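Take a look at the structure below.
Each value in this text was obtained by applying a stated rule to the coordinates, not by laboratory testing. Because the structure is predicted, anything quoted here is derived from the model rather than measured. So basically every Cβ, Gly included, is an ideal-geometry build from the backbone, and we count neighbours across all protein chains shown.
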Amino acid sequence: MALLLENGAVVTDPWTVLDDAAGSDGIPEGPVIVSLERWQRDRAVLELRNAPLGIRLKSHQLAGEIAADLDRFGLVVLELPKFRDGRAFSTARLLRERYGFTGEIRATGAMIPDQFLFLVRCGVSSVEVPDNADLAVWRHALTEITIAYQAAATADEPLSLLRRRLSP
């Protein structure tokens with residue numbers, strides 16, 4: 001999988017996904033991503049690690065389930081099981097706006113390039129795209145729409161605020 005940042009840059013993924021079936025003694029060094037279930041089960045062991053920790057949320061798992069622990073995570077991965085499942089968009093906004101999460105939010109799963117800009121506007125920092133994806137198409141998706149009607153978690157402003165500034 002290629003990892004694209006919110007500006008379209010391709011980066012190497014430093015994170016390792018930790019399998020739920022792996023034992024507590026088999027945790028590799030360095031940054032690891034665990035499922036919510038693994039975090040709940042092995043929290044005591046995972047908290048003792050001296051390396052960054054990420055958590056992976058399935059689409060039905062809510063941001064509120066990890067809100068109290070957000071300071072422990074450097075990364076939250078949001079799964080999109082189908083490209084028409086928009087719960088990850090809402091979860092990203094909640095993580096940024098309600099819970100004040102400042103770490104990386106990553107989207108993974110079934111996405112199409114047209115969703116890239118909207119994921120970024122909701123607070124997503126990076127997306128995992130398939131290795132065979134045309135990265136130029138994904139990058140172009142970030143610049144295809146320049147005016148938005150709704151407010152975003154990013155610094156850009158919606159059309160309604162632009163209209164007010166341009167009005168006499």
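I need H140, H60 ordered by Cβ neighbour count within 10 Å, fewest first. Mind showing how you got there, number by number?
On the way: H140 14, H60 9.
With the fewest neighbours first, H140, H60 line up as H60, H140.
Take the Cα gyration tensor of the stretch 24-89, multiply each eigenvalue by 5, square-root it, and list the three semi-axes largest first, rounded to whole angstrom.
Working: eigenvalues 107, 29, 21 Å².
Gyration-tensor ellipsoid for the stretch 24-89: 23, 12, 10 Å.
Place the peptides 104-111, 35-42 in order of packing, highest mean first, counting for every residue the other Cβ atoms within 10 Å and averaging per peptide. Walk me through the numbers on the way to the answer.
On the way: 104-111: 20.8, 35-42: 16.4.
In decreasing order of mean packing, 104-111, 35-42 become 104-111, 35-42.
Exposure proxy check: W138, W15 ranked by fewest other beta carbons within 10 Å? If you can, show how the numbers build up before the last one.
Numbers: W138 22, W15 18.
Arranged by neighbour count, lowest to highest, W138, W15 become W15, W138.
Could you derive backbone 3J(HN,Hα) for the stretch 46-55 from the dihedral phi with the Karplus parameters 6.51, -1.76 and 1.60 (θ = phi - 60°), listing whole Hz in sequence and x where the residue is Gly or Pro?
Running phi through 6.51 cos²θ - 1.76 cosθ + 1.60 with θ = phi - 60° gives 5, 5, 7, 5, 10, 8, x, 10, x, 10 Hz.
Determine, for E97, E128, the number of other Cβ atoms within 10 Å of each Cβ, and report the residues in order from fewest to most.
The most exposed by this proxy come first: E97, E128.
Enumerate the amide H contacts of I105 below 5 Å, restricted to partners 5 or more residues apart or on another chain; note that Pro and chain-start residues carry no placed amide H.
Distant-sequence amide H within range of I105: V76, S125, S126.
Can you give the net charge of the other residues whose Cβ lies under 15 Å from the Cβ of A68, counting K and R as +1 and D and E as -1? Don't skip to the end; give the middle numbers.
Numbers: positive: R43, R72, R98; negative: E47, E65, D69, D71.
Within the 15 Å Cβ shell, the charges total -1.
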